[in-house]
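Undergrad: Shown below is the structure under consideration.
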Amino acid sequence: MEIRRATTVAELIAAEHLYDGPARAEWAERFLAAPGHLMLIAYVDGAPAGMVSGIEMLHPDKGVEMCLYELSVAENHRRRGIGRALTEALAAAARERGCYDMWVGVDTDNDPALATYGSAGAANEGEFTMLTWDFMTGGGSGDSR
């Protein structure tokens with residue numbers, strides 16, 4: 001396995017089987033151009049087998065932290081340490097960039113994700129609630145009807 005930072009639209013498109021939906025070239029271009037956006041791809045036998053994306057978040061009184069936005073490993077490559085290796089690689093990149101920490105939101109019943117992040121050194125800070133605003137359909141958790 002080899003982990004590399006994605007630097008081209010072609011690399012992001014080639015890894016689209018790891019995303020929740022199809023990649024769009026214009027969004028891939030914006031992702032690559034956005035400061036603080038990072039995607040690492042794990043390759044097995046030259047093909048994308050997993051990916052992790054991170055986004056640096058900056059606040060005036062805290063500095064920079066890394067949000068682990070998404071982690072995905074192809075089903076036929078799971079339980080081989082790829083997810084842990086990708087998480088550790090993102091954490092190393094965050095340290096190199098001067099981030100003071102890295103965080104990820106995980107559903108409390110997502111045992112594989114909790115195990116992966118725990119094996120990569122993450123501490124469980126306890127339960128939290130995530131609220132969303134869905135701008136595509138007009139609904140979302142912020143809907144007060």
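Undergrad: What residue, among those in region 4-19 that are in a loop (DSSP other than H, G, I, E, B) and under 16 Å from the mean Cα position of the chain (by Cα), is nearest to V44 (Cα to Cα)?
TA: A15
Undergrad: Also, I was wondering about something else. From the list V73, V64, V106, which one is free of Cβ contacts under 8 Å to residues at least 12 places away in the same chain, aliphatic (A, V, I, L, M) and closer than 26 Å to M130 by Cα?
TA: Within the list V73, V64, V106, the selection yields V106.
Undergrad: Scan region 56-80 for residues that are of a type in the set (A, V, I, L, M, F, W, C) and in contact with a Gly (Cβ under 7 Å, 6 or more places away or on another chain) and jot them down.
TA: Listed by number, the residues that qualify are V64, M66, C67, L68, L71, V73, A74.
Undergrad: Filtering region 76-129 down to residues that are assigned to a loop (DSSP other than H, G, I, E, B), β-branched (V, I, T) and within 14 Å of the chain's Cα centre (by Cα), which residue is farthest from I3 (Cα to Cα)?
TA: Within region 76-129, the match that is farthest from I3 (Cα to Cα) is V106.
Undergrad: Does M102 fit the bill of being touching a helix residue (DSSP H, G or I) at 6+ places or on another chain (Cβ under 8 Å), open to solvent by 40 Å² or more (accessible area, probe 1.4 Å) and of a type in the set (A, V, I, L, M, F, W, C)?
TA: Taking the combined requirement at face value, the residue satisfies it.
Undergrad: Let me ask another. For region 57-99, which positions are under 15 Å from L18 (Cα atoms) and surrounded by fewer than 17 Cβ atoms within 10 Å (Cβ to Cβ)?
TA: Result: Y69, E70, E75, N76, R78.
Undergrad: D45 - would you say it is of a type in the set (D, E, K, R) and under 18 Å from A122 (Cβ atoms)?
TA: Considered against the rule, which asks whether it is of a type in the set (D, E, K, R) and under 18 Å from A122 (Cβ atoms), D45 comes out as no.
Undergrad: Going by the conditions given, is V9 in contact (Cβ under 8 Å) with a residue 24 or more places away in the chain, of a type outside the set (D, E, K, R) and open to solvent by 20 Å² or more (accessible area, probe 1.4 Å)?
TA: For V9, the condition - in contact (Cβ under 8 Å) with a residue 24 or more places away in the chain, of a type outside the set (D, E, K, R) and open to solvent by 20 Å² or more (accessible area, probe 1.4 Å) - is not met.
The values are calculated or read from the model by the stated rules, or taken from the named source; none is laboratory data. Predicted model, so just to flag it, every value in this text is computed and none were measured. In this analysis, Cβ positions are derived from the backbone assuming ideal geometry, glycine residues included, and neighbour counts consider all displayed protein chains. Heavy atoms of the whole protein, side chains included, go into the accessibility calculation; ligands, DNA and RNA do not. Shrake-Rupley method; radii C 1.70, N 1.55, O 1.52, S 1.80 Å.
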